[in-house]
Amino acid sequence: MLLASTSYDDTIRIWKEDDDDWTCVADIAGHTGTVWGCDFETPSSAESEARLVSCSDDLTCIVWARVGSTGGFDRNAIPSTFRSDQLSEEWVKEATLPAAHSRTIYSIAWSPTSRRIASVGADGKLVIYSQKPNSTEWSIDQIIETSHGIYETNYVVWAAPRSDGKELILTGGDDGNVHIWQESSLDA
């Protein structure tokens, strides 16, 4: 099991469970502003390498890929909650999503079914991205300019698909409302 944390120091840390504690196994740097949010991709198979998407105050959304692990746990060593030489993971920047936001990006979510990504931010936009087939390139599918009227939008999550298989996106904004967006038209 992996856990990711984001920080004011412009980094993402990856944590792995070790018995009854968590160990930092990676420190990912690449943003130039506070990293506000991240989300793991749901793996397509047990052999799939993990991927993570992050969003930042620097107006970028970055897709990261785990390219391997080194070492292993030494049960005779003193345990540590910080990354040790005993176990580490290497994460690399796979892609930067196309620029769409004009202000801080607060939240990002990866769809567990369609593999699309949604982001929201202080500019009020809801942006939907999709990966081009057999490529690491991404494109913008749709932009909703004012997803919460004049207010900032600060949270996004993909909901479980409806009974007809269509996806739903939920957003939360400074207006105190939660909006539910339907896949077919992304109208609230």
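FYI, it's all coordinate maths here, none of it is from the lab. Bear in mind that the values here come from a model prediction, so they are computed numbers and not experimental data. Cβ: placed from backbone, ideal geometry, glycine included. Neighbour counts: every protein chain shown.
I'd like the FRET efficiency for L168 and K93, computed as 1/(1 + (r/R0)^6) with the beta carbon distance as r and R0 of 25 Å, rounded to 0.05.
0.25
Taking only the alpha carbons of the stretch 2-156, what extent do you get along each of the three principal axes, in Å, biggest first?
Result, largest extent first: 57, 34, 24 Å.
Among the lysines, select those whose C-alpha is under 22 Å from the C-alpha of K166, and discard any that sit fewer than 8 residues away in the same chain.
K125, K132
GNM on the chain, C-alpha springs below 10 Å: top fluctuator among W22, W64, W110?
In this elastic network of the chain, the residue with the biggest mean-square fluctuation among W22, W64, W110 is W22.
Among D21, D58, D39, whose mean-square fluctuation peaks in a Gaussian network model of the chain (Cα, cutoff 10 Å)?
Greatest mean-square fluctuation among the candidates belongs to D21.
Counting other C-beta atoms within 10 Å, which of C38, C55 has the fewest, and how do the rest follow?
Listed from fewest to most nearby Cβ atoms, that is C38, C55.
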